[in-house]
Amino acid sequence: MKEGIVVIGAGGHAKVVISTLMAAGYSVDSVLDDNPTKWGSEIMGYKIQGPISRLEEYKPAVIAIGDNKTRQAIALKMSHLSWVTVVHPHSYVHPSVKIGLGTVVFAGAVIQPDTIIGRHSIINTGVTIDHDCHIGDFVHLAPGVNLAGDVSIGEGSFLGLGSGVIMGKSVGAWSIIGAGGMVISHIPPHSKATGVPAKVKIEGEIEI
């Protein structure tokens with residue numbers, strides 16, 4: 001059993017993070033959440049012990065929160081912490097792949113050669129990422145996302161359930177691709193695109 005990890009966040013996403021930690025051979029040291037109504041209750045058999053501020057500096061941690069901006073805010077505020085990268089044993093990650101600190105790769109994911117993934121990103125259940133892709137920091141790829149080769153996903157972007165990007169195309173920073181959307185042309189930063197093919201519906205500052 002590997003060292004105990006502090007899990008930050010106690011929502012539904014945290015359940016999958018905890019199960020991934022356990023599958024990867026880690027123990028869970030504690031679970032912290034800033035919602036006081038959760039303190040003292042349990043998630044996946046672990047007691048929620050209090051606010052995030054209780055986290056001791058020397059303990060390794062992972063942010064188990066699906067919202068990209070929240071994850072970014074916590075990571076930047078607590079940049080001194082020891083963040084862990086967690087990869088589910090029932091995923092396939094080619095040895096040439098580089099994965100940043102704090103990123104979690106869930107069960108069934110496939111990540112092909114020479115892909116680079118940034119910090120604190122979520123590669124959710126059953127995601128496929130082909131060769132030479134570049135995934136930025138604080139990205140969330142929802143379950144069933146499919147990226148062809150040489151795709152670029154900008155920082156903070158969210159790709160919804162079952163969406164995809166064809167070879168060589170990019171999604172700009174802090175953009176949203178709706179569930180089932182298929183990106184066949186470049187999507188600019190701070191955009192929301194939906195449909196098949198995915199068309200930009202909103203451009204400019206949007207809520208992720």
> What list of ³J(HN,Hα) values in whole Hz, one per residue of segment 107-124 in order, does the Karplus curve 6.51 cos²θ - 1.76 cosθ + 1.60 (θ = phi - 60°) give from phi, with Gly and Pro shown as x?
Replying inline: 4, x, 6, 10, 10, 8, x, 6, 7, 10, 10, x, 7, 6, 9, 10, 10, 7
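Counting other C-beta atoms within 10 Å, and keeping those with at most 15, which DSSP coil GluC sites (Glu not before Pro) do you find in segment 106-208? Each step should come with its number before you reach the end.
Working: sites: 155, 203, 205, 207; in loops: 155, 205, 207.
When the GluC sites (Glu not before Pro) of segment 106-208 are filtered for loop state and at most 15 Cβ neighbours within 10 Å, 205, 207 remain.
Summing Lys, Arg as +1 and Asp, Glu as -1, what charge do residues with Cβ under 11 Å from the Cβ of residue 118 carry, residue 118 excluded? Mind dumping the intermediate values first?
Numbers: positive: 98, 119; negative: 137, 155.
With Lys, Arg at +1 and Asp, Glu at -1, the net is 0.
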> So how tilted is helix 68-77 from the main axis of the chain? Cα-based, degrees 0 to 90, rounded to 10.
Replying inline: 50
> When the label point is put 7 Å from the Cα of residue 77 along its Cα-to-beta-carbon vector, which residues of segment 34-67 have a backbone N closer than 17 Å?
Replying inline: 34-39, 49-57, 61-67
>> If you consider only alpha-carbon coordinates, what radius of gyration and Dmax does segment 90-203 have, in Å?
In response: 12.4, 38
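Would you please put 182-189, 138-145 in order of how densely packed they are, using the mean number of other Cβ atoms within 10 angstrom per residue and starting with the highest? Please report the intermediate quantities before stating the final value.
Details: 182-189: 17.1, 138-145: 24.0.
By packing density, highest mean first, the sequence is 138-145, 182-189.
Provide the net charge surrounding residue 182, with neighbours chosen by a C-beta distance below 12 Å and charges set as Lys +1, Arg +1, Asp -1, Glu -1. Can you show the working numbers first?
On the way: positive: 169, 199; negative: none.
Around residue 182, the charge tally is +2.
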> Which of the listed residues, 97, 112, 148, is farthest toward the dipole's positive end in segment 90-203, when Lys, Arg count +1 and Asp, Glu count -1 at the beta-carbon?
Replying inline: 148
> What list of ³J(HN,Hα) values in whole Hz, one per residue of segment 167-176 in order, does the Karplus curve 6.51 cos²θ - 1.76 cosθ + 1.60 (θ = phi - 60°) give from phi, with Gly and Pro shown as x?
Replying inline: 4, x, 9, 10, 10, x, 4, 6, 9, 10
> Relative contact order for segment 47-192: what is it in percent, counting Cα pairs under 8 Å that are at least 6 residues apart?
Replying inline: 14
> When Lys and Arg each count +1 and Asp and Glu each count -1, what net charge do the other residues less than 11 Å away from residue 137, Cβ to Cβ, add up to?
Replying inline: +1
> Per-residue HN-Hα couplings for segment 6-13, Karplus 6.51 cos²θ - 1.76 cosθ + 1.60 at θ = phi - 60°, whole Hz, x for Gly and Pro?
Replying inline: 8, 9, 9, x, 9, x, x, 4
> Looking at 12, 79, 23, which one has the Cα that reaches farthest to the positive end of the dipole of segment 2-83 (charges on Cβ: Lys, Arg +1; Asp, Glu -1)?
Replying inline: 12
>> Counting only pairs 8 or more residues apart or on different chains, how many lysine pairs in the chain have their Cα atoms under 22 Å apart?
In response: 21
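Every number here is computed from the coordinates shown, using simple stated rules; none is lab data. Since the structure is predicted, the reported quantities are computational estimates derived from the model, not experimental observations. FYI the Cβ positions are ideal-geometry reconstructions off the backbone, even for glycines, and counts take in every protein chain you see.
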